[in-house]
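Take a look at the structure set out below.
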Amino acid sequence: AVVSTQSGHYGRGSESKSGEYVLKVMCDDTSTIYIDGEKKDIPGPNNWGQLATLKIPASTNTIGIQCHNGGGSCGITAEVTDETGQVLLVSDNSWKCSNK
């Protein structure tokens with residue numbers, strides 16, 4: 001499955017898009033993460049029990065997560081937080097999902 005969102009500035013209104021946010025992803029079993037179409041190599045996405053954490057630019061427009069389930073139970077969850085730890089975005093039914 002592939003899930004993605006294009007919520008742009010994550011509800012921050014007209015504030016500047018400078019700085020960094022933190023993306024946290026957990027996928028059962030393995031995942032590949034894309035930020036604005038660019039594949040990111042980070043620790044964690046190849047182990048279903050390990051949280052993958054990545055700093056992303058605040059100007060990020062698209063987050064894509066390719067999640068592969070090798071069998072059994074499956075699931076994916078993600079969130080984006082700002083520099084204070086405030087949750088700006090969570091994976092929910094507003095994200096697009098595909099089996100491609």
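The values are calculated or read from the model by the stated rules, or taken from the named source; none is laboratory data. All values derive from a computational prediction rather than experimental measurement. Cβ placement follows ideal geometry from the backbone for every residue including glycine, while neighbour counts extend to all protein chains displayed. Calculation scope for accessible area: heavy atoms of the full protein, side chains included, ligands and nucleic acids excluded. Shrake-Rupley method; radii C 1.70, N 1.55, O 1.52, S 1.80 Å.
A few comments on the model shown:
- Number of residues in region 1-34 that are under 17 Å from ILE65 (Cα atoms), modelled with pLDDT under 75 and open to solvent by 40 Å² or more (accessible area, probe 1.4 Å): the value is 4.
- Looking across SER94, SER98, SER31, SER59, one residue alone is of a type in the set (Ser, Thr, Tyr) and over 28 Å from SER18 (Cβ atoms). It is SER98.
- Checking each residue in region 71-100 for being touching a Lys or Arg at 6+ places or on another chain (Cβ under 9 Å) and over 22 Å from GLY49 (Cα atoms) picks out ASP82, LEU88.
- Taking residues in region 46-67 that are touching a residue at least 24 places away in the same chain (Cβ under 8 Å), and partners anywhere that are open to solvent by 10 Å² or more (accessible area, probe 1.4 Å) and basic (Lys, Arg), the pairs with Cβ atoms closer than 7 Å and at least 6 places apart or on different chains are LEU51/LYS24; THR53/LYS24; LEU54/LYS40; ALA58/LYS17; SER59/LYS17.
- Region 52-100: number of residues that are in contact with a Ser or Thr (Cβ under 6 Å, 6 or more places away or on another chain) and of a type outside the set (A, V, I, L, M, F, W, C): 6
- Scanning region 73-86 for residues that are free of Cβ contacts under 8 Å to residues at least 40 places away in the same chain, open to solvent by 70 Å² or more (accessible area, probe 1.4 Å) and not hydroxyl-bearing (Ser, Thr, Tyr) yields a single hit, GLN86.
- Strands (runs of 3 or more DSSP E) completely within region 21-100 that count 3 or more residues being of a type in the set (A, V, I, L, M) and touching a strand residue (DSSP E or B) at 6+ places or on another chain (Cβ under 8 Å): 52-57, 75-81, 87-90
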